[in-house]
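Peer 1: Quick one: the structure is below, and I'll ask about it shortly.
The values are calculated or read from the model by the stated rules, or taken from the named source; none is laboratory data. Just so it is clear, the model here is predicted, and its values are computed rather than measured. Please note: Cβ atoms are built from the backbone with ideal geometry, for glycine as well, and neighbour counts cover all protein chains shown.
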Amino acid sequence: MADRMVTVQMSSPVSSGATLYSSPIIITRRIPRLGDADYLDYVEGESQRFMENERHPTVWRDGTLRVMMVRKEMARRAIEMIMNDVESGNVSSRFADVEAVKNAGPEHFPNYDIPDYWRMLCLQFNEYVRRYYDNGGRIYRDLHYFRNKLNRYPATLGEMMRVGPRQRWELLLVEKSIFHMNITPFSDNGLKNLKFVCADGIFEPVYNHEGQACDENTDPVNMGTYNYAPPSDEWGHFWLDVHPYTDDIISERFSNGVTSFGLGFGNVSPDDLPGVPATSNQARFEADTPQGQDARAYRRWFDQRWHM
């Protein structure tokens, strides 16, 4: 892919008194393919340049640099650069090109059926999100919904079966899938929905009982959601991915005993929240009812096929 000219509006952190705020600037620049090493080096360089340009009296207090504030703004600058570039660029389809994987061979897709440059972009973006959060930032609405532009996966369950086990996709247990097993027209009772995650824990598809992908158009309530932290990082996954999504009461394990609620952004909008606790889906799955029995039988059947 050739370099291209991109004109974007970015937020440039500037100083006013004791605080930093953002003012828009317009820049035009030439960028290589998103995720290439040159592009990631450029983003990191622009982020570091903020540190160099902001060394003036308003960011010092008693001779001590407000390290967390500057680190947060550096990470936010990188986040907004990548968000703007993805928004303005002609990025590839979210569906993995299974035929391309098959024809190109594993040397072109060494990890799974996602181009390696896209995976590297996403992993670096996640690093900036974590750095932003760890230094006092919070997952704001646009950043939360941006995850939907990063997700990549095979378009159907059949295609997942063709490439999944070889390319290290993991079928998640029911207890780790209950946010994606709600009753909707697309997913019926939702109990046969299957959730997968890639080896890195970031790309995440969900397929309904007919093997079709749940996405923001077909089923925003149950859609697979890109993770800013892998599920194996329980603390990070909760605060970066689950907490912005849900409007349920936060578990005391993560809120230090203080009862509070999630941000309630939903997957695409707050209207996508199911309105019932996710634990009720697990209860329906485990219930001694025709629906529960049928769902468990389907799960056992598919699990055997997946591990053949």
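Peer 1: Examine region 283-303 for a residue that is at pLDDT below 95, assigned to a loop (DSSP other than H, G, I, E, B) and over 20 Å from Gly137 (Cα atoms), and state whether such a residue exists.
Peer 2: Scanning region 283-303, I find no residue that is at pLDDT below 95, assigned to a loop (DSSP other than H, G, I, E, B) and over 20 Å from Gly137 (Cα atoms), so the answer is no.
Peer 1: Report, by residue number, each residue of region 238-255 that is of a type in the set (A, V, I, L, M) and either more than 12 Å from the chain's Cα centre (by Cα) or at pLDDT below 75 (or both). I'd like the intermediate steps shown before the answer.
Peer 2: Residues of region 238-255 that are of a type in the set (A, V, I, L, M), as a first pass: 240, 242, 249-250.
Answer for region 238-255, where residues must be of a type in the set (A, V, I, L, M) and either more than 12 Å from the chain's Cα centre (by Cα) or at pLDDT below 75 (or both): Ile249, Ile250.
Peer 1: Are there any pairs with C-beta distances below 6 angstrom linking a residue in region 207-220 that is assigned to a loop (DSSP other than H, G, I, E, B) to a residue that is basic (Lys, Arg), with the two at least 6 apart or on different chains, and if so which?
Peer 2: Pairs that qualify, where the first residue is assigned to a loop (DSSP other than H, G, I, E, B) and the partner is basic (Lys, Arg), are His209/Lys192.
Peer 1: Now for a different question. Can we say Asn111 is of a type outside the set (D, E, K, R), modelled with pLDDT of 95 or more and part of a loop (DSSP other than H, G, I, E, B)?
Peer 2: When the stated conditions are applied, Asn111 does not pass them.
Peer 1: Within region 271-290, can you find the residues that are loosely packed, with under 13 Cβ neighbours inside 10 Å and under 19 Å from Asp215 (Cα atoms)?
Peer 2: Residues satisfying the conditions are Asp271, Gly275.
Every residue, every condition in (1) out of contact with any strand residue (DSSP E or B) (no Cβ under 8 Å at 6 or more places or on another chain); (2) free of Cβ contacts under 8 Å to residues at least 60 places away in the same chain; (3) farther than 16 Å from Asp215 by Cβ, yes or no:
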{"site": "Gly137", "(1), (2), (3)": "yes, no, yes"}
{"site": "Trp169", "(1), (2), (3)": "no, yes, yes"}
{"site": "Leu172", "(1), (2), (3)": "no, yes, yes"}
{"site": "Phe186", "(1), (2), (3)": "no, yes, no"}
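Peer 1: Now for a separate question. Quick one: count up the residues across region 216-231 that are over 20 Å from Asp200 (Cα atoms), surrounded by fewer than 23 Cβ atoms within 10 Å (Cβ to Cβ) and either of a type in the set (D, E, K, R) or touching a Leu at 6+ places or on another chain (Cβ under 7 Å) (or both).
Peer 2: Looking only at that region, the number is 1.
Peer 1: Then there is this: In region 163-179, which residues are touching a helix residue (DSSP H, G or I) at 6+ places or on another chain (Cβ under 9 Å), assigned to a helix (DSSP H, G or I) and surrounded by fewer than 16 Cβ atoms within 10 Å (Cβ to Cβ)?
Peer 2: Glu175
Peer 1: Which condition from (1) in a loop (DSSP other than H, G, I, E, B); (2) under 18 Å from His180 (Cβ atoms); (3) at pLDDT below 95; (4) of a type in the set (Gly, Ala, Ser) is the one that Ala199 breaks?
Peer 2: Failing condition for Ala199: (2).
Peer 1: Going through region 185-196 one residue at a time, which ones are in contact with a helix residue (DSSP H, G or I) (Cβ under 8 Å, 6 or more places away or on another chain), closer than 22 Å to Trp306 by Cα and part of a loop (DSSP other than H, G, I, E, B)?
Peer 2: Gly190, Leu191, Lys192, Asn193
Peer 1: Okay, moving on. For region 125-139, which positions are charged (D, E, K, R) and either part of a loop (DSSP other than H, G, I, E, B) or over 16 Å from Glu44 (Cβ atoms) (or both)?
Peer 2: Of all residues in region 125-139, those charged (D, E, K, R) come to 127, 130-131, 134, 138.
Of everything in region 125-139, those that are charged (D, E, K, R) and either part of a loop (DSSP other than H, G, I, E, B) or over 16 Å from Glu44 (Cβ atoms) (or both) turn out to be Asp134, Arg138.
Peer 1: Right, next: In region 43-94, which residues are of a type in the set (Gly, Ala, Ser) and either at pLDDT below 85 or more than 30 Å from Val206 (Cβ to Cβ) (or both)?
Peer 2: Listed by number, the residues that qualify are Gly45, Ser47, Gly63, Ser88, Gly89, Ser92, Ser93.
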